[in-house]
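The values are calculated or read from the model by the stated rules, or taken from the named source; none is laboratory data. These numbers come from a predicted model, not from an experiment. Heads up, the Cβs are rebuilt from the backbone with ideal geometry, glycines too, and the neighbour counts pull from every protein chain shown. Accessible surface areas use protein heavy atoms only, side chains included; no ligands, DNA or RNA. Shrake-Rupley method; radii C 1.70, N 1.55, O 1.52, S 1.80 Å.
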Amino acid sequence: MKFFRLFFIITALVAQGQDLEALKYHHPGLKVDLGVGLWAWPMPIDWDGDGDLDLVVSCPDKPYNGTYFFENPGGSKMPVFKKAVRIDRGYGNIRLSYSKGKPIILLPGKQLLRGNDESLGEPKTLYHLERFTPTPGNVRARQWQVADYDGDGQDDLIVGEGFWGEYGWDNAFDHKGNWTNGPLRGWVYLLRNTGNNQKPTYADPVQLRAEERPIDVYGMPSPNLADFDGDGDLDLLCGEFLDGFTYFQNIGSAIHPQYAAGKRLTHKGQPLAMHVQMITPTAIDWDGDGDEDLVVGDEDGRVALVEHTGLLDKNGLPCFLPPVYFQQEADDLKFGALATPYGVDWDGDGDEDIISGNTAGNIAFFENLGGHKQTKWAAPVLLKSDNQTIHIQAGSNGSIQGPCEAKWGYTTLSVADWNHDQLPDLMVNSIWGKVVWFPNVGTRSKPILGKAQQVNVLWPTDPPKPSWNWWNPDKKALVTQWRTTPVMVDWNRDGLTDLVVLDHEGYLAFFERTKNAQGQLGLLPGRRLFVDEAGRFIALNTQHAGKSGRRKIDLVDWDQDGDLDLLLNSTNAELYRNEGPWGDKVILKNVGLLAQRKISGHTSSPTTIDLNQDGKRELLVGAEDGRFYHLK
């Protein structure tokens, strides 16, 4: 009977044409960070021909794949751009160059010629890629652009290559946390034009060098040739797979370039860095003051201006200001990339807000401002712990996939009253797999989070851990697989808040809360309580190392029959319906997807929310593009 009721509900929703839709701000006049989906490839260009630079940003991810036009309404160096308009499919490795003031958009070996329909147009082959094989192996980036390298008036091709052949990918730390594989490589090649701009002929690639050594940054170089120091020749400035910028001064001439050793750009003595990583800088005089600024895409889909001050430091390096992220008219709610929302009345005002994590390792509060027909939302506010912005990151050895993931945090969370003081607390897992909680030391209407605390378990021996972790947990600590949601919930309905989460081997486990005679709370070791219809313990991920974890879950009475069901990340969200007890276990039956629309790339993150306050939970899914998709 249960199955047919649920089947009817889902079928009725599909028949009515209801499916997941991105939540909108519905907040005229609000400005938020400009952003596409996972990974931004920005192209500053006067797309609409009105005399100012707009932003055209390509995004190769799912579900926000596309190239988007953000109109510059003018009026300032940092305008509030119009909402995104999709003009074409999305591309990775797309780069904008200028030749004699004319914009040129390149893909590897191809040029995109703008179409009459305002699209990017169809690609024209410039160079057959089979000729470009200087580095056989695992190449993750080939970024092509135009520049007159040797000052002869003809446009040459410059290619940035990100090579992963020495890095491998996964699980290569020794027992002290040292990475034993090689680094990422970021090389730059010249394909000299031996013809002319009307009929170009390109020579074979030659690797560019600095002080007699190959130019090499940490992956994905995004090379830019421009006169950054104002001496009349073209210098080289590169990005990387992480977050920084390396400058190679041309100490030769415009006709015979010669590069000094690369130096990291700094600001006030600190490395100049973006918020996340996989950065894509493009050099352009954005503010029209005669020097070359940088317009930089970030992994989370945002785009920033890194402004050239026009000054050089005592070492002759150009001085840039820290990144300032461009703003746009608020449209879709978005929080970075791989958003992990949780629907809850965070501020105690009677309506449900959203608390969310993301790839950057931050956590944000989206306040529900009410509304009768459409919910109005405030811009996200980054949560703080002990007056410091929460920013969990892997660092050099916190990601099992190695040091190239240093700037990621992958926070995933739930909200409930963990210490039973009638205030909602925050439980968080991350890229580390260390489960921590943040106590709410404020009030019901004004939450304030204290310092992160270890989740203590009454382990009878040393705490277990995933077998591939190079590090050992602290005594009593709860360490599980990375990027998996810890769900606080009173599973057994004894009035105490329990924890349901994957254990260190990827099985869904129940960590039961206890209270002793003195009123002290404890947490028992995880028990594999959940089985499928055949009585097999439910393993949500038993894969190894980097392929482990990654499961996002929530527990909710979805079918309104009085017991808790499981929501699991998938194409959107899968439902594991609670079929009741099986001895001392509980049967969870996978009955399939709850929606039709595919919103996953790497993953999704399902939860529920009651926006219309009718007492029934609605599906809310965080996606790779950082948006929240809602099923009414």
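Scan V415, V381, V344 and give me the residue that is of a type in the set (V, I, T), under 18 Å from H27 (Cβ atoms), in contact with a strand residue (DSSP E or B) (Cβ under 7 Å, 6 or more places away or on another chain) and in contact (Cβ under 8 Å) with a residue 12 or more places away in the chain. Steps first, please.
Details: V415 fails: under 18 Å from H27 (Cβ atoms); V344 fails: under 18 Å from H27 (Cβ atoms).
After ruling out the rest, the residue left standing is V381.
Matching residues to (1) open to solvent by 30 Å² or more (accessible area, probe 1.4 Å); (2) modelled with pLDDT of 95 or more; (3) aromatic (F, W, Y):
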residue	(1), (2), (3)
P439	no, yes, no
T443	yes, yes, no
L458	yes, yes, no
W470	yes, yes, yes
D474	yes, yes, no
T480	no, yes, no
L524	yes, yes, no
E533	yes, yes, no
A539	yes, yes, no
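Restricted to the range 599-613, and to residues that are modelled with pLDDT under 95 and either of a type in the set (G, A, S) or over 24 Å from E352 (Cβ atoms) (or both), which residue is surrounded by the fewest Cβ atoms within 10 Å (Cβ to Cβ)?
So the residue we want is H602.
It is to be established whether one or more residues within the range 268-276 are closer than 24 Å to D233 by Cα, in contact (Cβ under 8 Å) with a residue 24 or more places away in the chain and open to solvent by 40 Å² or more (accessible area, probe 1.4 Å).
Within the range 268-276, not a single residue is closer than 24 Å to D233 by Cα, in contact (Cβ under 8 Å) with a residue 24 or more places away in the chain and open to solvent by 40 Å² or more (accessible area, probe 1.4 Å).
For the range 211-225: of the residues being open to solvent by 10 Å² or more (accessible area, probe 1.4 Å) and in contact with a Leu (Cβ under 8 Å, 6 or more places away or on another chain), which is farthest from G137 (Cα to Cα)?
L225
Please enumerate the residues belonging to the range 169-186 that are part of a loop (DSSP other than H, G, I, E, B) and touching a residue at least 24 places away in the same chain (Cβ under 8 Å).
Restricting attention to the range 169-186, the residues satisfying the condition of being part of a loop (DSSP other than H, G, I, E, B) are 169-172, 174-178, 180-184.
If the condition is that a residue be part of a loop (DSSP other than H, G, I, E, B) and touching a residue at least 24 places away in the same chain (Cβ under 8 Å), then W169, D170, N171, A172, D174, H175, K176, G177, N178, N181, P183, L184 are the ones that fit.
Filter the range 187-223 down to residues that are part of a strand (DSSP E or B) and either free of Cβ contacts under 8 Å to residues at least 60 places away in the same chain or of a type in the set (F, W, Y) (or both), then give me how many there are.
Going residue by residue through the range 187-223, those that are part of a strand (DSSP E or B) are 187-191, 193, 202, 206-207, 209-210, 213-214, 216-217.
If we keep only those that are either free of Cβ contacts under 8 Å to residues at least 60 places away in the same chain or of a type in the set (F, W, Y) (or both) as well, we get 187-190, 193, 202, 206, 209-210, 213-214, 216-217.
So the answer is 13.
Tally the residues that are surrounded by fewer than 18 Cβ atoms within 10 Å (Cβ to Cβ), without any contact (Cβ under 8 Å) to a residue 24 or more places away in the chain and either in contact with a strand residue (DSSP E or B) (Cβ under 8 Å, 6 or more places away or on another chain) or polar (S, T, N, Q) (or both), restricting the search to the range 541-573.
The total comes to 1.
Tell me, please, whether a residue that is among the basic types (K, R) and under 20 Å from S414 (Cα atoms) can be found in the range 608-621.
From the range 608-621, those among the basic types (K, R) are 616-617; that's our starting set.
Those left that are additionally under 20 Å from S414 (Cα atoms): 616-617.
The answer is yes; a qualifying residue exists.
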